[in-house]
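The values are calculated or read from the model by the stated rules, or taken from the named source; none is laboratory data. Remember, predicted model here, so these are calculated numbers, not experimental data. Glycine gets a Cβ as well: all are built from the backbone with ideal geometry, and neighbour counts include every protein chain shown. These area figures cover heavy atoms from the full protein model, side chains too; ligands, DNA and RNA do not enter into them. Shrake-Rupley method; radii C 1.70, N 1.55, O 1.52, S 1.80 Å.
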Amino acid sequence: MLLHVGGMRSALGLLAVRRACCLSRTTHNSPQTLEYKPIKKVMVANRGEIAIRVFRACTELGIRTVAVYSEQDTGQMHRQKADEAYLIGKGLPPVAAYLDIPDIIKVAKENDVDAIHPGYGFLSERSDFAQACVDAGVRFIGPSPDVVRMMGDKVEARSIAIRAGVPVVPGTDGPITCLSEAQEFSNTYGFPIIFKAAYGGGGRGMRVVKEYEELEENYQRAYSEALAAFGNGALFVEKFIERPRHIEVQILGDKYGNVIHLYERDCSIQRRHQKVVEIAPAVQLDPHLRDRLTADSVNLARQVGYENAGTVEFLVDKHGRHYFIEVNSRLQVEHTVTEQVTDVDLVHAQLRVCEGRSLPELGLKQDKIRINGFAIQCRVTTEDPARGFQPDTGRLEVFRSGEGMGIRLDSASAFQGAVISPHYDSLLVKVIASGKDLPAAAAKMNRALAEFRVRGVKVGSLITMERNAGRFLLCIEEGFGLEL
């Protein structure tokens, strides 16, 4: 049996090589094409479920995979799923190991890695990492270093949006340098306002201020959070839009100036400014507003020569006005729901674009992108509701997941006996439900969540989602945001 499987893998590998050669000949004959350079080996400079997601896509395309892991991640599943795995950041703290650019590049060079996929988080939006890859002769699976830099600087991204004619929320033109500037802004625009980290996201360094008495305390807290999370405490200030919808548009660009959108996701259900439930497409979204959101996203991407996958994020107020927030120059945690409703494998597309293929060659033309049904993603995390949803750790004594038709599970540590580390994100598994319409997808999600049995660690997010299913659907159907 082992010989049979091995023979099959060899045959499939040979088929992949032949396919790559054919593709190379095809693209060399195309008048618009840069040199097509097939990728033979990919490193994922990340961990957990996103590393495994990329490894699976690579394997399907006949590409060899390389994992990196910290000393604390020696037993983690992403190490086992790759063809090769190497220790990085020896002697460093757990998170710092995955931020050790010189060591990651060293491992890539020593092991003939062609390209590095950054995943999400860690180094995924660091322009110095993208540049280090380029300088080492290793392809970065993402936008160019300059675009990563521009999009990572929220103030510069905002200026680019204005030049592209995209509406923005009233805010400061640049990072503020002192509390008095925040006071001056609030005097002009009134409360509520919001502080945001200038060089990061994910809800860190973000504080809403509803009245003057809260201003100084929240300024100091936002600064400290931004400094701790991103190494830079710079903040900018915006007018805070109450109970908005958080709508984001998936974009995809190639090396030849082609940019398409894959429609939108609704990420309005959040806790502490972090997404909890994501839906594609957005429900009750006016078709004209959808057209404006997608057109603005594509125009903004073209303005900077965007290449590879990315997301343009917007707030939509109760009057249907949309405002640009930011561009995430990477694959999003919630990319799964877009894949389910468009039948486009975004990681395959990332890899092929990085090789030099054009979107039309990949069959990705705007008039060919269609939405089919609805998809919902819920993030099941190891958090203890009795401790304010603080991350919980320990060994999974029991783990039974919800499965069946219409359910996709993306995970890394979701199995009996897995040790949940205190050092990293508390995400346990992403549950994605698909159906012909929203009620069908919601019914599958409710059923799948009810089937889960987890013992050994607290899964407060699972309890929250089960208990609040009705509230979630109401918010989705009525078109307003919900902060848990």
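From the list 417, 402, 356, 394, pick out the single residue that is free of Cβ contacts under 8 Å to residues at least 24 places away in the same chain and of a type outside the set (Lys, Arg).
417
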Inset, instruction - Keeping to segment 114-139, report how many residues are open to solvent by 10 Å² or more (accessible area, probe 1.4 Å) and touching a residue at least 60 places away in the same chain (Cβ under 8 Å). - result: 6
Legend entry - Unmet criterion (only one of (1) assigned to a loop (DSSP other than H, G, I, E, B); (2) closer than 30 Å to residue 372 by Cβ) for residue 413: (2)
Inset, instruction - Looking at (1) touching a strand residue (DSSP E or B) at 6+ places or on another chain (Cβ under 6 Å); (2) over 30 Å from residue 457 (Cβ atoms), find the lone condition where residue 356 falls short. - result: (1)
Legend entry - Every residue from segment 45-68 that is small (Gly, Ala, Ser) and either without any contact (Cβ under 8 Å) to a residue 12 or more places away in the chain or under 14 Å from residue 116 (Cβ atoms) (or both): 45, 51, 67
Inset, instruction - Determine, yes or no, whether residue 300 is of a type outside the set (Ser, Thr, Tyr), closer than 16 Å to residue 155 by Cα and open to solvent by less than 10 Å² (accessible area, probe 1.4 Å). - result: yes
Inset, instruction - Tell me, yes or no, whether segment 339-353 has at least one residue that is closer than 25 Å to residue 423 by Cα, open to solvent by less than 50 Å² (accessible area, probe 1.4 Å), touching a strand residue (DSSP E or B) at 6+ places or on another chain (Cβ under 7 Å) and aliphatic (A, V, I, L, M). - result: no
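Residue by residue, here is whether (1) closer than 30 Å to residue 302 by Cα; (2) in a helix (DSSP H, G or I); (3) touching a residue at least 12 places away in the same chain (Cβ under 8 Å); (4) more than 26 Å from the chain's Cα centre (by Cα) holds:
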position	(1), (2), (3), (4)
150	yes, yes, yes, no
158	yes, yes, yes, no
174	yes, no, yes, no
195	yes, no, yes, no
218	no, yes, yes, yes
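Matching residues to (1) of a type in the set (A, V, I, L, M); (2) within 30 Å of residue 354 (Cα to Cα); (3) in contact with a His (Cβ under 6 Å, 6 or more places away or on another chain):
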| residue | (1), (2), (3) |
| --- | --- |
| 217 | no, no, no |
| 235 | yes, no, no |
| 241 | yes, no, no |
| 249 | yes, yes, yes |
| 257 | no, yes, no |
| 261 | no, yes, no |
| 266 | no, yes, no |
| 285 | yes, no, no |
| 288 | no, no, no |
Legend entry - Unmet requirement for residue 241, which otherwise passes all of (1) assigned to a loop (DSSP other than H, G, I, E, B); (2) open to solvent by 50 Å² or more (accessible area, probe 1.4 Å); (3) at pLDDT 90 or above; (4) on the phi < 0 side of the Ramachandran plot: (2)
Inset, instruction - Filter segment 370-392 down to residues that are assigned to a loop (DSSP other than H, G, I, E, B) and surrounded by 16 or more Cβ atoms within 10 Å (Cβ to Cβ), then give me how many there are. - result: 4
Legend entry - Some residue of segment 31-49 being hydroxyl-bearing (Ser, Thr, Tyr) and either more than 11 Å from residue 82 (Cβ to Cβ) or modelled with pLDDT under 95 (or both): yes
Inset, instruction - Please find, within segment 126-157, the residue that is farthest from residue 169 (Cα to Cα) out of those that are at pLDDT below 95 and among the acidic types (Asp, Glu). - result: 153
